[in-house]
Every structure is written in C-alpha cells, then in structure tokens.
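Undergrad: Dropping a structure here in structure tokens format, bear with me for questions.
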Amino acid sequence: MRFAIIGAGMAGILATIKLREAGYEDIVVYEKAERVGGTWRENTYPGIACDVPSHAYSYSFELNPEWSHRFSPGDEIQAYFEGVAARHGVHERVRFGEEVVRCERLDGRWHLRTERGTTDVADVVIAATGVLHHPNLPSFEGMDSFEGACFHSARWDHSVPLDGRRVGVIGTGSTAVQITSALVDRVAHFSLFQRTAQWVIKVDNPEFSAAERAAFRNDPAKVKGVHEYLSRSFREAFSSAVIDADSPAMQAIEDQCRANLEDHVTDPVLREQLRPNYRAACKRLVASPDFYEKIQHLNAELVTSPIERIEPNGVRTADGVLHQLDVLVLATGFRPDRFVRPTTVTGRDGVNLDDVWREGPVAYLSIAVPGFPNFFMLNGPNGPVGNFSLIEVAELQMGYILQLLEPVRAGRCREVSPTWEATRNLEAERREAAVGTVWTTGCNSWYLDREGIPATWTFSFDRFCDEMAAPKLDAYELTG
Ligand code: N01
C-alpha cells in the first residue's frame with residue numbers, strides 16, 4: 001500500500017512514524033512549507049507557549065527529559081518536533097514546498113496534485129492538516145489605511161521593531177493573553193482591545209532545574225510517570241468537567257478563575273471590565289501565570305469600547321477615542337471549520353467533500369467520511385479538540401486507523417469507508433450529548449457550529465478510548 005500524508009505537523013510526523021512501525025514503507029508526506037512543525041512552525045508570536053504542561057504535550061513514545069519549563073516556549077516545542085522527525089527518518093519522506101490542492105478518487109486509488117503541478121497516486125490518504133490553521137481575519141472599516149504594521153498573530157512579522165513602540169492587540173483569547181504577558185514590559189504603550197472578557201486560570205510556570213532534568217534523563221521511568229500523572233490529572237480535573245457543566249469539578253475550575261480575578265485585579269472598575277458574564281470554560285479556558293498583573297501595568301490599557309474603524313494612525317473606538325498605534329496585532333483566532341482546505345477532495349462517484357460538508361464538516365469518529373474510502377483524518381471534525389491533549393487524541397486515532405487497514409493489508413478488501421448510517425447515528429448522539437456540556441451554557445466561541453452545537457467530542461474520554469480500542473467493522477463498508 002502506498003500512503004500519502006498531507007501535512008508534516010504534530011499529526012503528520014506521528015502518522016509517518018506509526019506507519020513505519022507497522023511495517024509500511026511506501027510513504028510520502030506533502031508539506032506546503034519548508035519545515036516540519038505545523039502550528040509551532042507557523043505561530044512564532046512573542047510569548048508563545050503551550051498551556052498544556054510540556055511533559056504531557058509530548059508523544060508517549062518520545063518523552064523528553066529536557067523540557068525547560070512546566071509550560072515550555074514555542075521554539076522549544078518546534079525543536080522537539082523537528083528532533084523527533086529527524087530521529088525517526090521522517091524528513092526523508094517529506095516533499096517540502098508542495099501544497100496538495102487536489103485529491104481525487106479514480107479507479108480505486110487517490111490521485112493527488114500539488115500547487116506546483118506534482119502528481120502522485122496513493123492507496124491511502126491521511127490528512128494531518130490541523131484544526132486551527134486558517135487565520136480568522138476581521139474586516140474593520142479602514143483596515144488598509146493603517147500606516148503602521150498590521151499582521152495576524154499566526155503571521156508575525158519579526159522585522160517590525162516592538163521595543164519602545166505603541167502596540168495594540170485585538171482579541172482576548174489564549175494567543176492575545178500570551179502576547180500581553182510578553183510585550184507589556186517591552187513596549188511604550190500597550191492597548192488590548194477586548195470584545196468579550198475571558199476567564200483566566202492562574203498557572204505557574206517554573207523552570208526545571210539542571211538537577212531535575214538530569215534526574216529525568218537518568219531515569220526514563222520518572223519521565224513516564226510524570227507524563228502519565230499529568231495526562232490522568234488533566235482528564236480527571238478538566239476533560240470530565242467540561243462535559244458536565246453542573247459537576248463539582250467544573251465548579252472548582254470556575255472558583256479558581258474567580259479567585260484569580262478577585263485576588264489579582266485591584267482596581268474595581270478594571271476588575272468588572274475583565275469579569276466575564278458566562279461560565280468558565282464555556283469559551284476555551286485561558287491559562288496564564290501573570291495576565292492580570294501585566295494588564296495592570298501603567299503602560300497597559302484594556303479597551304472595552306467596541307472598535308469602530310481603523311484609521312491611518314490607529315484604532316478609533318465607539319466612544320470617539322483614537323488609540324494611536326505603531327503596530328496592530330490581530331489575535332483574532334482561526335477558522336475551525338476549514339478542515340483539509342484548500343485541498344479539493346473528490347470521493348467515490350465524483351462526490352465533492354465541500355458538498356458533503358455544505359452544512360458543516362462531519363466525520364465518523366472525526367476520522368473518516370462516507371464515500372471517501374481510505375481517506376482518513378487525524379484530529380478531524382468534531383473530535384476532542386477542547387477536552388484532551390491533541391497529541392494523545394492523534395495517537396489513539398492513528399492506532400485505530402492502522403487496525404482499520406488490517407483487512408486491506410490482509411487482502412480481504414481494497415478499501416474501507418464508514419457507512420452513512422453509522423455516521424449519522426453517531427452524529428445525532430454527539431449533538432444530543434452536547435446538552436449539559438459547559439460549551440452550551442451561553443457564550444460565543446469557536447467551538448460552536450452554525451447551529452450553536454459545539455463541534456467537539458461531547459462524550460467522555462473513556463468513551464473515546466473505548467471507540468479507539470478497536471473499530472466496529474459493522475460501521476464500515478469493506479469493498480473492492
Ligand atoms: O483565538 P480565539 P486565539 N473584533 O478564537 C476576538 C489555541 N491556542 O488565537 O471572544 C473584535 O480564542 C475574539 O473576541 P470574542 C487554543 O485552543 C492554544 O487566542 O469572539 N474582536 C477573541 O477574543 C485557543 O482557543 C494555545 O468576542 C475579535 C479573539 O479575537 C485557540 O488556539 C495558545 C474579532 C480570538 O480568540 C485560538 O486562540 C494560543 C473582531 N472582529 C492558542 N474577531 C496554547 O497555549 C475575533 N475577535 C495551547
């Protein structure tokens with residue numbers, strides 16, 4: 001079997017390693033950029049880190065004793081993925097600078113075409129194209145008139161000087177909060193444009209000492225223990241809480257966020273401006289060691305009046321104030337519904353994936369789509385994107401895909417795809433389970449689809465593990 005993997009980020013690297021471990025060698029990875037790393041290659045904004053502890057945010061088979069911090073910075077995470085890819089011979093299989101624009105099912109195989117015109121044929125395609133990948137760009141009046149530098153947080157322009165300048169950031173998500181912590185001390189004036197206040201949970205970010213790192217290095221069981229402990233605690237404290245808005249665990253998270261706000265924001269006016277009017281973790285919870293401290297610095301300003309337009313010298317808000325800026329950062333998030341795009345995927349009988357997904361992306365177990373045989377996604381639509389570590393999810397999904405391919409490898413069939421019946425039933429159950437989760441308690445967030453249903457896994461982690469343990473073959477068509 002020949003495999004084409006689209007994307008050489010966390011999931012594409014994983015897929016390559018796991019396919020090779022399973023004895024498959026005919027693998028090509030198409031990567032539009034010139035380096036592996038995905039999200040960690042693209043996001044280089046000041047302050048970038050992962051708010052999942054580093055010892056948990058690691059492949060289970062490549063634990064890293066050298067993490068510098070509990071929440072290590074983005075460049076360290078990028079180096080980790082590059083190192084893993086190099087150690088496992090991933091680079092040799094990657095065609096860099098090749099964006100797959102077309103993927104068509106013809107005569108029982110997948111025919112691929114890249115933007116450069118390269119063509120290829122594969123038996124199996126694995127789309128490891130990420131979740132939050134396409135920037136969400138706001139369209140304020142006068143955007144083009146701004147005379148300073150303006151860019152999205154995922155397209156950071158490092159040629160633009162920041163020290164001693166007037167910097168504005170639009171947004172209050174995880175990205176904007178990390179940028180705030182990193183920039184307030186560097187710039188002359190910092191303006192944070194808040195449309196909606198966010199709950200912020202306080203997390204400390206201590207450095208691992210040389211002795212601690214040496215202890216991890218000398219005792220792999222210790223690193224494994226920490227990885228397992230963190231993953232388990234996260235599931236117990238968070239993954240089970242978010243699917244039960246009334247649970248004591250959810251209340252405990254909310255109490256911590258409220259205490260953070262009450263204890264660390266001294267000015268009562270600012271405190272109320274920063275107080276959300278919805279449940280904690282309804283939007284993606286923001287974690288920070290020092291956001292409240294930084295936003296109270298004398299050179300920092302929280303702007304809550306809505307943005308009216310952008311002018312050559314800055315941002316004009318509805319209260320008439322012109323916030324003069326040299327640099328404007330759009331920390332306005334991503335388009336989470338743009339799975340696999342811009343690749344045009346045409347399945348059996350010429351059916352286009354865009355047509356199947358007209359009402360929104362859907363996939364059986366977030367992995368496969370009826371009518372698209374041997375086309376699999378890692379971290380695809382409606383998966384556990386807001387509840388568990390995406391690395392753990394991708395590992396479980398990859399193990400599942402390998403099992404699903406066993407009948408093909410054994411020659412019992414040539415292709416596998418889920419049935420519409422199984423897909424529709426699971427989707428109906430998933431939507432029903434959304435009631436009672438914290439994501440539906442009354443806020444706007446990128447989790448919600450057009451109908452206000454969270455586009456995520458609304459069941460428990462155990463259910464996910466059970467589903468991933470072994471494919472239920474009656475949910476699939478084995479053909480050819
Ligand atoms: O994006 P977001 P993000 N006018 O969508 C505002 C992951 N992540 O890049 O809330 C004014 O969360 C928008 O306002 P509102 C993590 O999963 C992880 O910060 O919609 N404002 C919001 O405040 C995260 O959830 C890490 O009212 C506008 C902000 O922009 C996801 O990435 C670090 C606007 C967007 O927030 C995305 O986070 C960073 C407009 N027209 C990110 N449009 C880790 O550490 C949007 N906004 C793992």
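The values are calculated or read from the model by the stated rules, or taken from the named source; none is laboratory data. Please read these numbers as outputs of a predicted model, since none were measured by experiment. Please note: Cβ atoms are built from the backbone with ideal geometry, for glycine as well, and neighbour counts cover all protein chains shown. In case anyone asks, the SASA skips ligands and DNA or RNA and just uses the protein heavy atoms, side chains included. Shrake-Rupley method; radii C 1.70, N 1.55, O 1.52, S 1.80 Å.
Undergrad: Could you give the angle, 0 to 90 degrees to the nearest 10, between helix 248-264's Cα long axis and the longest principal axis of the Cα atoms of the chain?
TA: So the helix axis and the longest Cα principal axis differ by about 30 degrees.
Undergrad: Just tell me which lysines come within less than 21 Å, Cα to Cα, of Lys283; anything on the same chain fewer than 8 places away is out.
TA: By straight Cα distance, Lys283 reaches Lys202.
Undergrad: If you don't mind, there's one more thing I want to ask. Need the full-extension length gain, Val321 to Gln273, defined as separation in residues times 0.36 nm minus the C-alpha distance. One decimal, nm.
TA: 15.5 nm
Undergrad: Mind listing the phi-derived Karplus ³J(HN,Hα) values for the stretch 308-316, rounded to whole Hz, using 6.51, -1.76 and 1.60 with θ = phi - 60°, and x for any glycine or proline?
TA: For the stretch 308-316, the Karplus curve yields 9, 6, 9, 10, x, 9, x, 10, 9 Hz.
Undergrad: Also: Can you work out the accessible area per residue across the chain, with the rest of the protein chains kept in place, probe 1.4 Å, in square angstrom?
TA: Normalised by residue count, the accessible surface of the chain is 42 Å².
Undergrad: Restricting to the chain, what percent of DSSP beta bridges are antiparallel, rounded to 5?
TA: In the chain, approximately 45 percent of DSSP beta bridges are antiparallel ones.
Undergrad: Quick one: order Val269, Val321 from most to least accessible surface, probe 1.4 Å. List each step's numbers first, then the result.
TA: Numbers: Val269 95, Val321 65 Å².
I get Val269, Val321, largest accessible area first.
Undergrad: I've got another one for you. Can you show me the helix-derived [θ] at 222 nm for the chain, built from DSSP H runs with n ≥ 4 at -39,500 (n - 2.57) apiece and divided by the number of residues, rounded to the nearest 500.
TA: -8500 deg cm²/dmol
Undergrad: Further question: For a label point 7 angstrom out from the Cα of Ala410 toward its Cβ, which stretches of the stretch 448-478 have the backbone nitrogen within less than 19 Å?
TA: The answer is 468-478, whose backbone nitrogens lie closer than 19 Å to the label point.
Undergrad: Compute the separation of the alpha-carbon centres of the stretch 296-347 and the stretch 210-248 and state it in Å as a whole number.
TA: About 35 Å separates the Cα centre of the stretch 296-347 from the one of the stretch 210-248.
Undergrad: Looking at the calculated P(r) for the chain, what percent of the C-alpha pair distances fall above 28 Å?
TA: Everything past 28 Å amounts to 55 percent.
Undergrad: So what J values fall out for the stretch 86-91 if you push phi through Karplus, 6.51 cos²θ - 1.76 cosθ + 1.60 with θ = phi - 60°, rounded to Hz, Gly and Pro as x?
TA: Using θ = phi - 60°, the values come out as 5, 5, 9, x, 6, 3 Hz.
Undergrad: Give the carbon-plus-sulfur fraction of the accessible surface of the chain in %, rounded to a whole number; probe 1.4 Å, heavy atoms of protein chains only.
TA: So the carbon and sulfur contribution to the accessible surface is 49 percent.
Undergrad: Roughly how many nanometres apart are two label points built 7 Å out from the Cα toward the Cβ at Thr441 and Gln251?
TA: 1.1
Undergrad: Another question, if that's okay. Relative to the longest principal axis of the C-alpha atoms of the chain, give the angle of the C-alpha long axis of helix 174-183, reported between 0 and 90° and rounded to the nearest 10°.
TA: Tilt of helix 174-183: around 50 degrees.
Undergrad: I'd like the FRET efficiency for Glu293 and Ala433, computed as 1/(1 + (r/R0)^6) with the beta carbon distance as r and R0 of 45 Å, rounded to 0.05.
TA: Details: r = 38 Å, r/R0 = 0.86.
About 0.70, to the nearest 0.05.
Undergrad: A further question follows. Taking Lys224 as the anchor, which lysines have their alpha carbon closer than 23 Å to its alpha carbon, excluding any fewer than eight residues away along the same chain?
TA: Within reach: Lys18.
Undergrad: With a 4.7 Å Cβ cut-off, tell me which Cys residues in the chain come up empty for a partner.
TA: Lacking a cysteine Cβ partner under 4.7 Å: Cys50, Cys103, Cys150, Cys257, Cys413, Cys465.
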